[in-house]
Amino acid sequence: MTNPRSRRVAEQIRHELADIVLREMKDPRVAGVSFTAVDVSSDLEHAKVWFTTFQADHEAARQGLAHAAGFLRTELAHRMRMRTVPKLGFQYDESVERGAHLSHLIDLAVEEDRRHHQDQPPRDDEAQG
């Protein structure tokens, strides 16, 4: 379990990175990137940053973020009051995509079930009731 300080630092990093990418970065590979979570090591030396993107090529977005890691870390240093700003590692968050896929599968199953029940004649106990 992470300690309260690590959680606060992680949330502040997530918030600041979102602002920096939105306002300061011009790299088209990171356009539409959203940060979903940050895991900070207990010694605050490393931060794993989870992101999603609206672009189809999330690997290009990850490369853009990795390329800008030094810039992002420098910007974080200006914005946060920390002796050491964690080294940033970026990881694509598949949970949003996986959730959308599961939701789509559920919708398909519900529609198939609906069609299946429409095609069957009513049972005797349903017709009388």
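Assessment of the range 31-53 against the conditions (in contact with a strand residue (DSSP E or B) (Cβ under 6 Å, 6 or more places away or on another chain) and among the basic types (Lys, Arg)) yields at least one matching residue.
When the range 81-104 is limited to residues that are hydrophobic (A, V, I, L, M, F, W, C) and out of contact with any His (no Cβ under 9 Å at 6 or more places or on another chain), the one that is farthest from GLY70 (Cα to Cα) turns out to be LEU102.
Screening VAL40 with (1) within 13 Å of VAL9 (Cβ to Cβ); (2) within 14 Å of the chain's Cα centre (by Cα) gives one miss only, at (2). Scanning the range 70-121 for residues that are outside any helix (DSSP H, G or I), surrounded by 10 or more Cβ atoms within 10 Å (Cβ to Cβ) and of a type in the set (D, E, K, R) yields LYS87, ASP93, GLU94.
On the stretch given as the range 58-113, residues that are charged (D, E, K, R) and free of Cβ contacts under 8 Å to residues at least 12 places away in the same chain total 8. Filtered by the rule that a residue be farther than 15 Å from ILE13 by Cα and either touching a residue at least 40 places away in the same chain (Cβ under 8 Å) or not in a loop (DSSP other than H, G, I, E, B) (or both), the range 43-57 gives THR52, THR53.
Of everything in the range 2-36 that's within 18 Å of the chain's Cα centre (by Cα) and part of a loop (DSSP other than H, G, I, E, B), which residue is farthest from LEU72 (Cα to Cα)? This residue is GLY32.
For the range 1-48, the tally of residues that are in contact with a Leu (Cβ under 8 Å, 6 or more places away or on another chain) and polar (S, T, N, Q) stands at 1.
Throughout, read-outs are computed from the coordinates displayed, never taken from laboratory work. These figures come from a predicted structure and were not determined experimentally. Cβ sites come from the backbone with ideal geometry, for glycine too, and all protein chains shown count toward neighbours.
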